[in-house]
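The values are calculated or read from the model by the stated rules, or taken from the named source; none is laboratory data. Keep in mind the model is a prediction, meaning the values are calculated, not measured. Cβ placement follows ideal geometry from the backbone for every residue including glycine, while neighbour counts extend to all protein chains displayed.
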Amino acid sequence: MARKSKNVEIVNDANENAILNKETEGLSQGQIVLRRFIRHRAAMISVVVLFTLITVVYTSLDWRIGDEDDPFIIPGWWKYGFEDMPELRYGDDCVDGSLGCPSIDMVPFIDGDGISLGPHPFGQDDIGRDYLALVMRGAQRSLLVMFIIGAIAATLGTVIGSVAGYFRGWVDAILMRLVDFIITVPVIIIGSVIGFHYGNKGAAFLALLLGLFSWTGLSRLVRGEFLTLREREFVDASRVAGASNRRIIFKHILPNAVGVIIVSVTLLMSGAILLETALSYLGFGVTSPDVSLGLLISTYQDAFTTRPWLFWYPGLFIIVIALCINFIGDGLRDAFDPRQRRRLSRKEKASARAMRNRSEVA
Amino acid sequence: MFAYILRRLGALVVILFGSSFLLYNLSAISTDPLGELRLSDAPNKDQLILNLTRELRLDLPPPLRYFIWLRGVLGIFVGRADFGLTREQEPVFEAIMGAIPTTIRLVAVATLVAIVLGIALGITSALRQYSRFDYGMTFFAFLLFSLPIFWVAVLLKQYLAIDFNDFLVSAKISPPWIIGFSIVAGFFWAAIISGSRRQVVLIFSGVFVANSIFLSAISATEWLSYPRLGPIAILVIGVGIAVGVTYLSVGLSDRNALKTTLLMAVVGTISYFPAQPILSSDRPRLGILLLFIALLIVSVSGALLFARVDRGPIIRTSVITSVLIGIFILIDRMMQAWRPYVESDDVNYRPVATIGQSTIWLSEVSFWVRVLDFAMHLILPTLALTLISFAGYIRFSRGTLLDVLNQDYIRTARAKGLTERTVIMRHAFRNTMIPLTTIMVGDIAGIVGGAIITERVFAWQGMGTLFNKAINSFDLNLLMGVIVFLSTLAILANLIADLLYSVLDPRIRVGAGK
């Protein structure tokens with residue numbers, strides 16, 4: 001019975017292939033990849049969620065540009081800054097009498113007063129700072145660290161990997177030994193050593209240093225790609241045509257390796273945000289008075305039993321960001337993978353069946 | 001092969017040299033042990049600074065200090081390695097040796113659970129590709145990928161320790177919980193087994209009813225307060241294991257294998273009685289070992305009794321079955337220590353521990369109570385580490401199995417008319433295990449890194465604690481000790497992974513062609 005259904009599947013495969021081939025006729029590689037990515041539902045939802053989140057997070061607080069005393073202020077949509085200390089709500093304001101309880105109300109029907117944000121939707125911390133502002137600031141820092149690490153690691157990893165893979169020989173040997181030196185020590189350890197001393201120099205500087213040690217895995221991947229691609233005929237052809245090394249690397253090989261690079265950079269970025277939060281949690285990352293999501297969790301983890309919101313919100317933001325990036329990475333991987341085949345919808349399956357029936361009749 | 005291993009070990013030394021040089025200088029430059037002293041207003045400040053400078057050789061530039069440190073470490077080749085002293089004048093080597101067992105206990109259990117569960121779920125997910133279960137597992141794995149471990153740990157502390165301990169006082173499961181659990185269980189099994197709509201509904205309702213009855217019985221008999229398996233439960237579990245292992249290992253159509261494993265279930269149940277006095281003695285370690293050997297002998301001879309042609313597979317099946325049943329007998333003995341453990345003053349009815357690696361016992365307690373104590377302390381950290389690391393196994397085993405199932409030899413196997421079980425377990429699963437093994441070994445170093453955070457959350461005294469202490473007290477010798485240990489572990493794990501790969505996959509020959 002299993003064998004019979006297998007035969008049917010093979011015939012089906014041929015027809016489904018025909019449908020899929022027709023869809024990609026006359027499209028460039030980039031267009032095919034883009035189409036496949038757009039079709040990946042989880043990845044598209046993640047893109048939308050992530051962009052909304054980034055916009056919301058970065059427009060929430062006032063931007064102060066220029067000197068400390070007389071800054072140029074771009075106002076954000078949220079009324080408090082992360083350093084403001086409004087009056088702490090307690091007692092009668094809070095239902096259960098806890099300190100600085102969240103005023104967000106998302107359950108419209110039970111208590112009958114509808115959806116509302118209230119003065120402090122995420123609550124307040126010990127000294128009355130608005131927790132929404134703190135979480136927004138933390139998310140800004142964490143996102144910043146993530147993007148800086150991602151950008152630096154992507155650049156360094158790609159350049160070093162392609163140089164090593166393209167030129168081989170002693171250049172390759174030296175670069176790959178350097179990779180070995182760094183890659184053998186767990187990232188969290190290097191991060192802690194750096195973060196302990198430079199964490200107080202600001203999130204951006206910390207991210208820069210962390211980025212200098214996060215490119216190793218990517219460079220190995222890129223080198224592997226280059227080692228196979230440089231033996232291909234089109235590289236020989238362009239070399240015979242007189243192309244320079246630079247041109248071959250950038251125009252001929254790199255575009256073919258871009259899928260691997262993009263996918264692993266997205267995964268690297270989701271690792272980066274977890275790294276930053278873990279370091280801040282251990283006390284080796286962003287330090288007070290600045291705020292990061294990991295630092296918020298670390299500060300308020302003991303308050304979980306009494307004031308759980310201080311713990312929930314930063315955690316949720318970390319998870320949503322990391323989850324979105326992971327899904328985008330997955331969608332990109334599927335989109336770039338030529339072996340990956342789309343599942344046909346019910347309608348398309350029906351037309352494939354119709355094609356088969358027609359061929360049987362004929 | 002031998003030359004290859006030698007060459008790799010040579011490379012290991014070079015890499016260790018390079019990475020330790022890099023890290024030594026990085027940490028020497030980025031830390032300032034004198035910083036606190038400079039800010040102090042002690043009257044003998046200058047003298048203190050001078051003393052510390054002499055003690056830590058701060059007058060020398062970091063690269064030179066590195067070679068002084070290296071000279072001590074290189075003593076390893078003449079049999080007496082000197083990793084230097086910590087700031088408390090304790091040898092670094094001993095400090096690390098004291099911390100390793102704790103970390104290994106944490107990492108080993110977590111890795112084992114993660115591998116077994118991860119592969120099982122990943123393979124099921126691949127066999128049900130594009131089903132709801134598959135999508136659910138994919139989402140679940142990505143969710144786990146995105147969880148910060150310290151965040152999960154705090155949640156576990158709250159819900160699985162504090163709240164669960166409160167619950168254990170009465171150990172009554174309320175009806176809404178029973179229904180909730182049963183619905184989840186029903187969905188889970190219905191999604192895994194799947195089939196036509198009618199079958200799914202049948203499976204769901206069957207699991208739902210069985211699960212509800214089971215949980216109600218547990219609640220009514222206060223089993224959670226007085227956990228115990230006993231010979232009857234051992235027999236039932238044993239028969240279940242026998243059928244399950246036989247199905248997966250050789251298939252139920254092999255009657256001889258089935259007879260053997262069922263015999264082992266009966267033998268295991270009978271051996272429950274003579275095992276009790278041995279296990280309850282003061283020093284049961286030797287007894288456990290002897291019982292284990294006896295069990296192996298019995299299972300092999302039992303297999304030989306029934307096996308006619310295919311001895312190997314039947315012996316394998318029989319040994320797996322009896323070892324699993326043996327483990328349940330041990331679990332039963334551990335459960336018998338539950339009441340004395342829970343009622344003791346140190347535990348005071350709060351068995352699931354949130355902090356530390358063991359309770360400090362004032363009085364001498366029995367072996368099994370101590371084992372139980374270790375186990376209760378292991379639960380939360382292990383669960384946290386497992387949750388984080390097994391997402392990788394789910395994704396990877398799923399992807400690998402799907403790759404393998406597309407190979408021509410699978411089609412050939414099906415074309416030959418082999419049963420689906422044989423195709424999956426013998427042809428596909430074994431080939432899936434090849435890349436998985438290398439991933440597993442390579443992953444161990446990473447998990448040790450993750451253990452650093454876990455130890456911090458649960459206040460364990462392992463490598464992570466040492467590392468934290470080293471950084472916070474500017475203890476360069478201790479820091480380097482930890483780093484060298486971890487990087488050696490990482491490189492050795494990589495070497496072992498490569499060697500395993502060549503052993504498992506005959507197409508790959510290590511050291512061939514330079």
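Against the numbered list (1) more than 16 Å from B:GLY481 (Cα to Cα); (2) modelled with pLDDT under 75; (3) of a type outside the set (A, V, I, L, M, F, W, C), B:THR102 comes up short only at (2). Give me the residue from segment B:321-350 that is touching a helix residue (DSSP H, G or I) at 6+ places or on another chain (Cβ under 8 Å) and among the charged types (D, E, K, R) and, out of that set, farthest from B:PRO284 (Cα to Cα). Going through the qualifying residues, I end up with B:ARG350. In segment B:135-188, the residue that is farthest from B:ARG456 (Cα to Cα) out of those that are assigned to a helix (DSSP H, G or I), small (Gly, Ala, Ser) and out of contact with any Lys or Arg (no Cβ under 7 Å at 6 or more places or on another chain) is B:GLY186. Restricting B:ILE434, B:ILE394, B:ILE388, B:ILE379 to those that are within 11 Å of chain A (Cβ to nearest Cβ), in a helix (DSSP H, G or I) and not aromatic (Phe, Trp, Tyr) reduces the list to B:ILE388. Counting only helices (runs of 4 or more DSSP H) that sit wholly inside segment A:184-235, not one has at least 1 residues that are touching a Pro at 6+ places or on another chain (Cβ under 7 Å) and free of Cβ contacts under 8 Å to residues at least 60 places away in the same chain. Out of the residues in segment B:478-498 meeting the condition of being over 28 Å from B:SER358 (Cβ atoms) and not hydrophobic (A, V, I, L, M, F, W, C), tell me which one is farthest from the other protein chains (Cβ to nearest Cβ). So the residue we want is B:ASP498. Checking B:ARG87, B:ARG57, B:ARG65, B:ARG132 one by one, the residue that is among the charged types (D, E, K, R), within 14 Å of chain A (Cβ to nearest Cβ) and over 22 Å from the mean Cα position of the chain (by Cα) is B:ARG132 and no other.
Candidates A:ASP96, A:ASP92: the one that is at pLDDT below 75 and assigned to a helix (DSSP H, G or I) is A:ASP92. Within segment B:416-425, at least one residue is part of a helix (DSSP H, G or I), without any contact (Cβ under 8 Å) to a residue 60 or more places away in the chain and either more than 13 Å from B:GLN129 (Cβ to Cβ) or more than 29 Å from the chain's Cα centre (by Cα) (or both). Is there a residue in segment A:306-319 that is in contact (Cβ under 8 Å) with a residue 24 or more places away in the chain, more than 7 Å from every other protein chain (Cβ to nearest Cβ) and within 15 Å of A:SER46 (Cα to Cα)? Yes, there is a match, as at least one residue in segment A:306-319 is in contact (Cβ under 8 Å) with a residue 24 or more places away in the chain, more than 7 Å from every other protein chain (Cβ to nearest Cβ) and within 15 Å of A:SER46 (Cα to Cα).
Residue count for segment B:445-462, restricted to those that are crowded, with 24+ Cβ neighbours inside 10 Å, under 15 Å from B:VAL482 (Cα atoms) and out of contact with any Ser or Thr (no Cβ under 7 Å at 6 or more places or on another chain): 1.
Here the condition is being assigned to a loop (DSSP other than H, G, I, E, B) and surrounded by fewer than 17 Cβ atoms within 10 Å (Cβ to Cβ); of B:LEU60, B:LEU64, B:LEU6, B:LEU50, it holds for B:LEU60 alone. Screening B:ILE15, B:ILE96 for residues that are closer than 20 Å to B:ALA470 by Cα, of a type in the set (Val, Ile, Thr) and at pLDDT 85 or above leaves exactly one candidate, B:ILE96.
Candidates in segment A:190-208 are the residues that are under 21 Å from the mean Cα position of the chain (by Cα) and under 15 Å from A:ARG141 (Cα atoms); of these, the one that is surrounded by the fewest Cβ atoms within 10 Å (Cβ to Cβ) is A:ALA204. All of (1) more than 14 Å from chain B (Cβ to nearest Cβ); (2) crowded, with 19+ Cβ neighbours inside 10 Å; (3) of a type in the set (A, V, I, L, M); (4) within 30 Å of A:LEU99 (Cβ to Cβ) hold for A:ALA139 with one exception: (1).
For segment B:437-461, a residue qualifies if it is away from every other protein chain (no Cβ under 14 Å) and at pLDDT 85 or above, and the qualifying residues are B:TRP460, B:GLN461.
Which residue, of A:VAL159, A:VAL163, A:VAL171, A:VAL185, is within 14 Å of another protein chain (Cβ to nearest Cβ) and of a type outside the set (Asp, Glu)? Matching residue, one of A:VAL159, A:VAL163, A:VAL171, A:VAL185: A:VAL185. Evaluating B:THR488 against the criteria (1) at pLDDT below 85; (2) assigned to a helix (DSSP H, G or I) leaves one unmet condition, (1). Here are the criteria: (1) farther than 26 Å from B:LEU229 by Cα; (2) β-branched (Val, Ile, Thr); (3) surrounded by fewer than 20 Cβ atoms within 10 Å (Cβ to Cβ); (4) in contact (Cβ under 8 Å) with a residue 40 or more places away in the chain. Tell me which single one B:ILE314 does not satisfy. All conditions are met except number (3).
Of all the listed residues (B:THR412, B:THR432, B:THR465, B:THR419), the sole one being over 30 Å from B:GLY98 (Cα atoms), modelled with pLDDT of 85 or more, of a type outside the set (D, E, K, R) and buried (at least 17 other Cβ atoms within 10 Å of the Cβ) is B:THR432.
Among the residues making up segment A:240-275, those that are polar (S, T, N, Q) and either surrounded by 22 or more Cβ atoms within 10 Å (Cβ to Cβ) or within 15 Å of the chain's Cα centre (by Cα) (or both) are A:SER264, A:THR266, A:SER270. For segment B:27-36, the count of residues that are surrounded by 13 or more Cβ atoms within 10 Å (Cβ to Cβ), more than 11 Å from every other protein chain (Cβ to nearest Cβ), without any contact (Cβ under 8 Å) to a residue 60 or more places away in the chain and not in a helix (DSSP H, G or I) is at least one. Here A:ILE297 meets each of (1) β-branched (Val, Ile, Thr); (2) surrounded by fewer than 24 Cβ atoms within 10 Å (Cβ to Cβ); (3) touching a residue at least 12 places away in the same chain (Cβ under 8 Å) with one exception, condition (2). Can A:ILE152 be described as away from chain B (no Cβ under 14 Å), in a loop (DSSP other than H, G, I, E, B) and β-branched (Val, Ile, Thr)? Answer is no for this residue.
The residues of segment A:281-302 that are in a helix (DSSP H, G or I) and facing chain B (nearest Cβ under 10 Å), listed by number, are A:TYR281, A:LEU282, A:LEU293, A:GLY294, A:ILE297, A:SER298, A:TYR300, A:GLN301, A:ASP302.
Rundown of residues vs (1) without any contact (Cβ under 8 Å) to a residue 40 or more places away in the chain; (2) touching a helix residue (DSSP H, G or I) at 6+ places or on another chain (Cβ under 8 Å); (3) aliphatic (A, V, I, L, M); (4) on the phi > 0 side of the Ramachandran plot, yes/no style:
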| site | (1), (2), (3), (4) |
| --- | --- |
| B:LEU156 | no, yes, yes, no |
| B:PRO176 | yes, no, no, no |
| B:PHE181 | yes, yes, no, no |
| B:ALA185 | yes, yes, yes, no |
| B:VAL200 | yes, yes, yes, no |
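Residue count for segment B:73-108, restricted to those that are assigned to a helix (DSSP H, G or I) and surrounded by fewer than 18 Cβ atoms within 10 Å (Cβ to Cβ): 12.
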